[in-house]
Structure formats: structure tokens, C-alpha cells
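Chemist: One structure, pasted below without further comment.
The values are calculated or read from the model by the stated rules, or taken from the named source; none is laboratory data. All values reported here derive from a predicted model rather than from experimental measurement. Virtual Cβ from ideal backbone geometry, glycine too; neighbours counted across all protein chains shown. Note: areas computed on protein heavy atoms with side chains; ligands, DNA, RNA excluded. Shrake-Rupley method; radii C 1.70, N 1.55, O 1.52, S 1.80 Å.
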Amino acid sequence: MAVSDYQLIAAWQHVLTLSRLERGQTVTILTSAITHPQTLACALIAVQSMGAVVNRLDLPPVNAEKSLSRDPLAYLGTTPLTGNPAAIAALKASDLVLDLMTLLFSPEQIDILESGTKILLAVEPPEILVRCLPTAEDRERVLAASALITNAKEMTVVSDAGTDLRCPLGEFPAISEYGFVDEPGRWDHWPSGFSLTWPNEQGANGTIVIDTGDILLPQKSYVGSPITLTVKNGYAVKIEGGIDAERLSEYMETFNDPEGYAISHIGWGLQKRAYWSTLELYDREQTIGMDARAFAGNFLFSLGPNNEAGGSRTTACHIDIPLRNCTVRLDEKAVVIKGKLQEERHGTQ
Ligand SMILES: O=c1ccc(O)c[nH]1
């Protein structure tokens, strides 16, 4: 259902308030050909209504001849900021960047964050933005999950479908995605609601079964028959199964990059207002599939880069794969059991 400008402006004001935007600060809204016009129009009004200075920086799209998908997360690494010092200078001079074009996993994004600029990614359609409006409670839940990751030595994942994965932890930080940017230098994504980290380099081992009904992104498809990944020393060394395995294999081969088979981020979904079943309900080119990444109780793993976490591996190939019905443990503590989120039973504090 369409969203009214009034509701979307109020949603932006809510997120900008949680992001501690202050009167007189500078916000630059980064746009490109894929930017949603209503999201942009309402962001401009919301920022100015809060007394901040707003700029708009529109960048030409890149990688058209390289990517096999129009999904901005399908082909990573180079962005319109690559080799564009004037644009980078403007973003570094801003207190907050609203990324309505997708910089994710780019060296330039890391450079801009290190200057203290906050970056909030927001490219999902307005209906999903307002349904998954972030809350302080989301932040608490995600930070609690990230604290468990920080204190754990290992993440293990099993499922009745046959997943049996062991990931040593410690080399990389936990990343909290709760939908707003309340600290200088912070990146986040509205909508989101999950916690993730990376396995120690070359440390992931075991089997991952992408079962019927599990999701591939950017394909935005529900897998019709199981795909079995054999994981050795941090890489998917075998992809076996039927037609779904063949489609995934061919797609990955087009990148001609062995780094694309590396296990990238691992974590689980914490967003109770995101759903597994929505993938077929939106025009696939209008969404990047954040419901699939964030729905509570998924095990989300990814193939491809780890530069976002401070690793050295960059590759253009990035595949996000949320699985249902897994049991995820941090050391001995189960945080998800057969796809059901295990809530922390808070005491009286
Ligand atoms: O928000 C995101 C989106 C994609 C991804 O791979 C990680 N986080």
C-alpha cells in the first residue's frame, strides 16, 4: 500500500532523531539513478524541518556493463565515489550522509566513516521503511546479540537439513545493524535488525545446506531444491545439488574470482517486523530483500568480501543467504533453536 508523504516525513524525522541529528549540522543525501523519488523528497523535508543544512550529491551509476543484476548489492567494490575526491571531500565534511544509492562494501565508505561522518543506507521502498521503522528496543536487542558474539570463541550452526558449520571467532568485530546512526563514524542500514560478524580468516569448516525455501540474494529466489556447500578453510569448495545449485554455480563463475567463494559475514536475524514470506510480494527490482536478511530467527550467511570488517578480501561477488530452521550457538549458548529466536530473559534490571 502506498505511503503518504506525511507518514514518510515523520518516519525520517523519527530516524534522524534517533540518529541524534542536531540543528545546524550538515547532511548530504547521496543519490543516483536508482534513488526512490518519494524517499528523497521526504528526506529533504525532514532534514530541513530539524534545522540541519541539507545538500544533495547525485552521482552517475557505474558497473552497468559488469553486473548481471540491477540490484545495487549484486556487484561490489567500485562505486561512483571511486576516483572521485571532490565527492568524497563533500561527504567527509558532512556530519551525516543519507545513502540512497548504496555504497556498501566500498573502500570509500570505510574512508568516509573513519573521518567521523555517519552513513545511513536507505534504499528499500517506503512501505518497507515504515513497516520496519527502527526503535530503541531494536537497538538494545541487536547490541545484546553483538555482545554475545564479542564474547564468544566460536559460532556453530546445525539444521535437520544437514547444515553443520563451525566458525572460530575473534579476528573480526561484531557488527550491529539496528537502523539508525547514533554515534560518530557509525554506518547502519534502515531497515535492518540483525547482528553479524566474520569467521576468522580461513577458519570456517563444515557443510551448509541451503534447503528448499531458503533464500538467495541478489537472486531474490526461494530455493526449490537443496544446495549443499562444502566449506573448507573459509571457502565453499563444492556446490552440489540440482538446478538451483547449477544456477548459483554459473552465476558465481561469471565473476571469475576465487574470493567470491569465501565465507563472508555470519549472523542471525532479530527483526520481528520483517518476514520470510514477503520476497514474492514486492517487485524484485524495487527491493534489495532486507526482509529476508532481517527476519527474526534466520541464520544469515554471506559469500564474498570481508573488507567491511577490516579484512583484506574484496571481491565484486556478494551473495547473501538467509536460512530457516537452523540452530545457531555461540560457544554453548543457543541464540536460535530450529529457527526460533531465543530471547534473553532479562531480570528485573
Ligand atoms: O545491510 C546489509 C545488507 C547487505 C549485507 O550483506 C549486509 N548488511
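Chemist: Residue check: is GLU280 at pLDDT below 95, closer than 30 Å to PRO126 by Cβ and out of contact with any Asp or Glu (no Cβ under 9 Å at 6 or more places or on another chain)?
Modeler: Working: at pLDDT below 95: yes; closer than 30 Å to PRO126 by Cβ: yes; out of contact with any Asp or Glu (no Cβ under 9 Å at 6 or more places or on another chain): yes.
Yes.
Chemist: Of (1) under 26 Å from GLY224 (Cβ atoms); (2) more than 16 Å from the ligand (Cβ to nearest atom), ILE263 satisfies all except one. Which?
Modeler: Of everything listed in (1) under 26 Å from GLY224 (Cβ atoms); (2) more than 16 Å from the ligand (Cβ to nearest atom), ILE263 misses just condition (2).
Chemist: Moving to a separate point now. Failed condition for LEU21, given (1) open to solvent by 50 Å² or more (accessible area, probe 1.4 Å); (2) within 21 Å of HIS189 (Cα to Cα); (3) in a loop (DSSP other than H, G, I, E, B), with all others met?
Modeler: (1)
Chemist: Shifting gears a bit: Taking the stated definitions as given, is PRO85 over 22 Å from the mean Cα position of the chain (by Cα) and over 23 Å from ARG186 (Cα atoms)?
Modeler: Taking the combined requirement at face value, the residue does not satisfy it.
Chemist: Considering only the stretch 266-277, state which residues are surrounded by 17 or more Cβ atoms within 10 Å (Cβ to Cβ) and away from the ligand (no atom under 16 Å from the Cβ).
Modeler: TRP276
Chemist: Could you list, in sequence order, all residues of the stretch 294-314 that are open to solvent by 10 Å² or more (accessible area, probe 1.4 Å) and either within 18 Å of ALA236 (Cβ to Cβ) or within 11 Å of the ligand (Cβ to nearest atom) (or both)? Steps first, please.
Modeler: Of the residues in the stretch 294-314, the ones open to solvent by 10 Å² or more (accessible area, probe 1.4 Å) are 295-296, 307-314.
Within the stretch 294-314, GLU308, ALA309, GLY311, ARG313, THR314 meet the criteria.
Chemist: Now a separate question. What are the pairs, 6+ residues apart or on separate chains, where a residue within the stretch 78-99 that is closer than 16 Å to ILE119 by Cα and small (Gly, Ala, Ser) has its Cβ under 8 Å from a residue that is assigned to a strand (DSSP E or B) and open to solvent by less than 10 Å² (accessible area, probe 1.4 Å)?
Modeler: Short answer, once both residue conditions are applied: ALA90/THR28; SER94/VAL27; SER94/THR28.
Chemist: Consider the stretch 215-230. How many of its residues are away from the ligand (no atom under 16 Å from the Cβ) and within 25 Å of LEU104 (Cα to Cα)?
Modeler: In the first step, residues of the stretch 215-230 are kept if they are away from the ligand (no atom under 16 Å from the Cβ); the result is 221-230.
If we keep only those that are within 25 Å of LEU104 (Cα to Cα) too, we end up with 221-222.
Selection size over the stretch 215-230: 2.
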